[in-house]
Amino acid sequence: MSIGIVGTGISGLHLALRLQQFGIEATLYTAQEPDGIRQGPPLNFVTRFDSTREREKALGITEWASSAYDNASMQMHIEGPGGLSFGGRLPRPASSVDFRMYLASLLEEYGKRGGKVVHRAVADRTQLTELGAGHSLLVVAAGRGALVETFPRVPARSPYVSAPRQLAGGLFHGVRPSDPPGMTMHMVPGAGEIHAPAYHSFGGRLSAVLIEALPDGPFSAVTGGDYRGDSDRFAKDVLALITRHAPALRERVDEREFALARPVDMLQGAVLPVVRSGWAELSDGTFALAIGDAWIANDPLTAQGANLGSKVAFQLADALRARGGAYGEQFCRVVSERMWATARPVVDWTNMFIGEPPPQMGALLAAAAADQRVADAFIANLDRPDDMWHSICRPENTDEFIAQARSVRSGV
């Protein structure tokens, strides 16, 4: 039995390390060396919640376990007239570490433990099919380029046909941590959102600022600007946007020090939320499964993509160990649907948050701002996607969630 894994994001790496623990032979295919990952621009600003950190412990990954990387709280601000704010502590701290450092370290660790790593670009279905001849099953965890066309979009699970947000962000000096230190999100009706978590990168503790802009809205001048070779102008424009739209964040910024940590520490782009088919037949009797970004692309608004990728990787590893071989169509079909049951609450929750907010969301946010018990319960659900989705999917569920938070936490 031999498993081929294409892609070295968190899904591919956690799967490879877990299979290694189970004694299952796996070959990891990657187009990048660890130093190439470190030297590139950021692709995201990931927060790993406690459930993911627990899986890291199970993998024996301790490099990023230090409390120095903790984000123990979350604060939310709904800006504008009639705005409101609330915050709460997570039951156990999340961690925000530059993913370039994190992924490069895990890739190196897999090799140190005896894992087979092949530095080879796999760009399309033809190349994927060639690899299939040497493995019992291929797992695709790389979600860019023509390779993902192997797995068709599932329209019933993918309501968006264009990106609902445009993104721009960077790692900055000059932002004082929130009180208490942690993550903040500023929601600006009609414009988008601004995330500002404390972040650990190559220069130590910084702040990430990620702008999510509604297309053609007031943030789009920054998300759509051309800043190649002009990181100073990018920082200036980001600060102007914060000053106008996020006063609570602006209070924490020292204008004299506000600057990108390095010119490379800037990103721009967009994410089209999509769910693709979880498996494909490559040739007669050869199959590929999709996980991570090859399967599901989530908007970063709910900070769930990497955490879901890790969870599904462990779920797939368990299924591969239990099966022990013969990974044919029936196996792919069944395991894909099981993983979808895990992923669906995250997808539905994220799609709701990036769309027109339903009435129950307004009620929940208002209740959280008025009652710390509700705020704490809401923040705790950031690491409980099933509970989060259940609490917001229908107005009556939201009413029940609010009532339960108020009663249970008051000792009634």
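The values are calculated or read from the model by the stated rules, or taken from the named source; none is laboratory data. This one's a predicted model, so the numbers in the text were calculated from it and none came from an experiment. In this analysis, Cβ positions are derived from the backbone assuming ideal geometry, glycine residues included, and neighbour counts consider all displayed protein chains.
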Quick one: what pairs do we get from segment 313-338, first residue under 26 Å from THR52 (Cα atoms), second part of a helix (DSSP H, G or I) and among the small types (Gly, Ala, Ser), C-beta under 7 Å, 6+ apart or different chains?
-> ALA313/SER11; VAL335/ALA319
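Residues checked against (1) surrounded by fewer than 24 Cβ atoms within 10 Å (Cβ to Cβ); (2) of a type in the set (Gly, Ala, Ser); (3) in contact with a strand residue (DSSP E or B) (Cβ under 7 Å, 6 or more places away or on another chain):
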site	(1), (2), (3)
SER310	no, yes, no
GLN315	yes, no, no
ALA319	yes, yes, no
ALA322	yes, yes, no
ALA326	yes, yes, no
CYS332	yes, no, yes
ALA341	yes, yes, no
ARG344	yes, no, no
When you go through LEU241, LEU214 one by one, which is the residue that is crowded, with 21+ Cβ neighbours inside 10 Å and not assigned by TED's automatic domain parsing to the domain that holds ASP383?
-> LEU241
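Quick grid of which residues meet (1) out of contact with any Leu (no Cβ under 7 Å at 6 or more places or on another chain); (2) modelled with pLDDT of 95 or more; (3) under 30 Å from MET339 (Cβ atoms):
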{"position": "GLY182", "(1), (2), (3)": "yes, no, no"}
{"position": "HIS186", "(1), (2), (3)": "no, yes, no"}
{"position": "ALA213", "(1), (2), (3)": "yes, yes, no"}
{"position": "GLY224", "(1), (2), (3)": "yes, no, no"}
{"position": "LYS236", "(1), (2), (3)": "yes, yes, no"}
{"position": "HIS245", "(1), (2), (3)": "yes, yes, no"}
{"position": "ALA261", "(1), (2), (3)": "no, yes, no"}
{"position": "MET266", "(1), (2), (3)": "no, yes, no"}
{"position": "GLY285", "(1), (2), (3)": "yes, no, yes"}
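From the residues in segment 364-403 that are among the small types (Gly, Ala, Ser) and under 25 Å from GLY305 (Cα atoms), which one is nearest to the chain's Cα centre (by Cα)?
Start the filter on segment 364-403 by keeping residues that are among the small types (Gly, Ala, Ser), which leaves 366-370, 375, 377, 380, 391, 403.
Next, only the ones that are under 25 Å from GLY305 (Cα atoms) stay: 368, 375, 377, 380, 391.
Values: ALA368: 24, ALA375: 22, ALA377: 21, ALA380: 17, SER391: 21 Å.
Here the answer is ALA380.
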Please work out which residue is modelled with the highest pLDDT, limiting yourself to segment 335-373 and to residues that are β-branched (Val, Ile, Thr) and closer than 20 Å to HIS186 by Cβ.
-> THR350
Per-region count, segment 109-149, residues β-branched (Val, Ile, Thr) and either at positive phi or at pLDDT 95 or above (or both) = 4
